[in-house]
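Scroll down for the structure; my scribbles are underneath it.
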Amino acid sequence: MSQQDPHCIFCKIVEGQIPSRKAFEDEHLLAFHDINPWAPVHVLIIPKRHIAMLSEVGPEHQELMGRMLVLAPKLMRELGVSNGFRTLINTGQDGLQEVYHLHMHVIGGPRPWLKG
Ligand code: 5GP
Ligand code: ZN
């Protein structure tokens, strides 16, 4: 069974079919800079395996979700963010999710920001 969705832009980023500015990569996760940043630092942390959204996550994803959250402060430190940051996961229509591949925004750097 394929772990990717051929129509999903973030799966294409994982596969290297769409370029991205990568901030971190391992077996499970990819982090890359948002194309439309709200702030000096704005990265998206995604599982490499396609999961559409947070509401599809279950107990089998517990370790993966932990990995995503633990990566956030490490990345912010590496990217020089030292005064706090926001983490945000938009889910579904009312959550204003635009890309249906689970992703966590991690946003930081000196204010003012464009949004958020
Ligand atoms: P959502 O609203 O789904 O939480 O956020 C989707 C985010 O993905 C947006 O902040 C948008 O700028 C970003 N994004 C959409 N397409 C691309 C892309 O092709 N490359 C990168 N790096 N970011 C993207
Ligand atoms: Zn995907």
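The values are calculated or read from the model by the stated rules, or taken from the named source; none is laboratory data. These figures come from a predicted structure and were not determined experimentally. Cβ sites come from the backbone with ideal geometry, for glycine too, and all protein chains shown count toward neighbours.
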- Does L54 meet the test of being under 30 Å from R111 (Cα atoms) and either surrounded by 16 or more Cβ atoms within 10 Å (Cβ to Cβ) or in contact (Cβ under 8 Å) with a residue 40 or more places away in the chain (or both)? yes
- Item | So R86, is it of a type outside the set (A, V, I, L, M), part of a loop (DSSP other than H, G, I, E, B) and under 15 Å from the mean Cα position of the chain (by Cα) | no
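Here is a list: I18, I46. Which entry is part of a loop (DSSP other than H, G, I, E, B) and of a type in the set (A, V, I, L, M, F, W, C)?
Of the residues listed, the single one that is part of a loop (DSSP other than H, G, I, E, B) and of a type in the set (A, V, I, L, M, F, W, C) is I18.
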- Among the residues of the stretch 96-108, which ones are near ligand 1 (Cβ under 8 Å from one of its atoms), assigned to a loop (DSSP other than H, G, I, E, B) and touching a strand residue (DSSP E or B) at 6+ places or on another chain (Cβ under 9 Å)? V99, H103
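So which residues in the stretch 31-51 are under 15 Å from E78 (Cα atoms), more than 10 Å from ligand 1 (Cβ to nearest atom) and surrounded by fewer than 20 Cβ atoms within 10 Å (Cβ to Cβ), if there are any at all?
P40
Per-residue answers, yes or no, for (1) touching a strand residue (DSSP E or B) at 6+ places or on another chain (Cβ under 9 Å); (2) aromatic (F, W, Y); (3) part of a loop (DSSP other than H, G, I, E, B):
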residue	(1), (2), (3)
F24	yes, yes, no
W38	yes, yes, yes
H50	no, no, yes
G66	no, no, no
N90	yes, no, yes
D94	no, no, yes
P110	no, no, yes
- Query: Does any residue in the stretch 93-109 that is farther than 13 Å from A31 by Cβ come within less than 8 Å, Cβ to Cβ, of a residue that is more than 9 Å from ligand 1 (Cβ to nearest atom) and at pLDDT below 95 six or more places away or on a different chain, and which pairs are these?
  - Reply: H101/D5
- Item | Residue in the stretch 1-13 that is within 15 Å of ligand 1 (Cβ to nearest atom), among the basic types (K, R) and outside any loop (DSSP other than H, G, I, E, B) present | yes
